[in-house]
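Colleague: Structure incoming, see below.
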């Protein structure tokens, strides 16, 4: 990888999780042609709060995210997966250093079991 690109990527801060999630929710709502008021009512949250979540100003709880996802007819799992895709930078830019990941199902030195590798 080009050193200048790697350095520039390191200097650029990663986006905040709430900004990415909010953008995904807003695009999902807009693609369905639905209003903030409609989705907020279905999710049982205020329109103002949903607007703040969509703009990345509020960090919604998992319960609120699940309710908004249900109102939009999408799975929370898909929201999380899409968030990961949008946060995933170019290969290797933010790679964690350290020992190789453990095999799936193998116990770690602290007794935890690795679920995904």
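The values are calculated or read from the model by the stated rules, or taken from the named source; none is laboratory data. All of these numbers come straight from a predicted model, not from anything done at the bench. When we count neighbours, we look across all protein chains shown, and the Cβ atoms used for this are built from the backbone with ideal geometry, even at glycine.
Colleague: Based on what the data block shows, is residue 37 in contact with a helix residue (DSSP H, G or I) (Cβ under 8 Å, 6 or more places away or on another chain), assigned to a helix (DSSP H, G or I) and free of Cβ contacts under 8 Å to residues at least 12 places away in the same chain?
Modeller: yes
Colleague: When you go through 63, 54 one by one, which is the residue that is at pLDDT 85 or above and surrounded by fewer than 10 Cβ atoms within 10 Å (Cβ to Cβ)?
Modeller: Unique residue meeting the criteria: 63.
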